[in-house]
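Data first, discussion second: the structure below is written as structure tokens.
The values are calculated or read from the model by the stated rules, or taken from the named source; none is laboratory data. These figures come from a predicted structure and were not determined experimentally. Here Cβ is always computed from backbone atoms with ideal geometry, including for glycine, and neighbour counts include all displayed protein chains. To get the accessible areas, we keep the full protein, side chains included, count just its heavy atoms, and leave off ligands, DNA and RNA. Shrake-Rupley method; radii C 1.70, N 1.55, O 1.52, S 1.80 Å.
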Amino acid sequence: MTRPATRMIVLLTAAALTSAGPALAWGPQGHRVIARVAEGRLSPTARLAVRELLHPGDTLPDVADWADHDGHTAVPNSAPWHYINVPIGDAHFDPRLIRDDKNVVARIEHFRKVLADKSRPKQERQRALLFLVHFVEDVHQPLHVGDNNDHGGNDTQVQFFNEGTNLHRVWDSDLIHKVGGNDRAWVDRIERVITPESVKVWSKGSVDDWADESLQVAKLAYRDPAGSPGPFASGKVLGESYVRRMEPLLIEQMARASVRLADELNAIFR
Ligand SMILES: [Zn+2]
């Protein structure tokens, strides 16, 4: 879930100052486990179609973070496709404010059409699959939607368990690493909150609704109930109590992403 390359310069500078590495996304682990849960929910038809589109031997988890790495080389200028900046002060995500199609919401809608269009060349549909998988995951990372005039948290420097980092990176990977566990442990955590009732709720709604949910979670991600009201700024110290409050939200966002990713592919490959 990396942010634009232009921002990497800022991040690398910040990293040099804080000795933390640059933000790399719902880290590769986040992307991988969401895809793994989704893969387990594919219909036999969708599973076969996905296998036919991917390179032999590749699975959805293998390719889920392609867009954060080779994707930038394959499609230069694709960095803005990974996010959409919505002020956390906005009550709701308003799709009428979208100015162009270079954002995660518009790209999901674009790539689902390309993938569903069997008249398109296989190579084009394969690339659409790689981007669609990744962007359905990215739009569920709250800081890929919520923005406090800080590039989705990238410019909000925080201390997370005495490590210098930024709020975007906390949500991409620091929280996941702090909660800990291997992929199997994460798959279990995610699957535990996927119930028939939650699936019924999550399966409804549009990409706009998903973005709105992320915006609502982002508002909470910037809040400290014990601190001053309003979103916190750079310099914030985050520790155990932040992790305890955010962990259920993190797992729920990953679960929603898994269910919806499977829904997308099952609907496209009927
Ligand atoms: Zn991304």
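Below is a table of values for the structure above.
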{"quantity": "Residues within the stretch 49-90 that are of a type in the set (D, E, K, R) and in contact (Cβ under 8 Å) with a residue 60 or more places away in the chain, tallied", "calculated": "3"}
{"quantity": "Residue 57 being on the phi > 0 side of the Ramachandran plot, away from the ligand (no atom under 16 Å from the Cβ) and either at pLDDT 95 or above or open to solvent by 30 Å² or more (accessible area, probe 1.4 Å) (or both)", "calculated": "yes"}
{"quantity": "Selection from the stretch 101-124 of residues that are over 30 Å from residue 152 (Cα atoms) and in contact (Cβ under 8 Å) with a residue 40 or more places away in the chain", "calculated": "116, 122"}
{"quantity": "Index of the failed condition, residue 171 passing every other in (1) open to solvent by 10 Å² or more (accessible area, probe 1.4 Å); (2) touching a Pro at 6+ places or on another chain (Cβ under 8 Å)", "calculated": "(1)"}
{"quantity": "Yes/no for residue 141 being under 30 Å from residue 238 (Cβ atoms) and open to solvent by 10 Å² or more (accessible area, probe 1.4 Å)", "calculated": "no"}
{"quantity": "Exclusive hit being touching a Phe, Trp or Tyr at 6+ places or on another chain (Cβ under 9 Å) and among the basic types (Lys, Arg), set 107, 96", "calculated": "107"}
{"quantity": "Matching residues, the stretch 67-90, being open to solvent by less than 70 Å² (accessible area, probe 1.4 Å), in a loop (DSSP other than H, G, I, E, B) and more than 15 Å from the ligand (Cβ to nearest atom)", "calculated": "88, 90"}
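Yes/no per residue for (1) in a helix (DSSP H, G or I); (2) among the hydrophobic types (A, V, I, L, M, F, W, C); (3) touching a residue at least 60 places away in the same chain (Cβ under 8 Å):
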| site | (1), (2), (3) |
| --- | --- |
| 194 | no, yes, yes |
| 197 | yes, no, no |
| 214 | yes, no, yes |
| 229 | no, no, no |
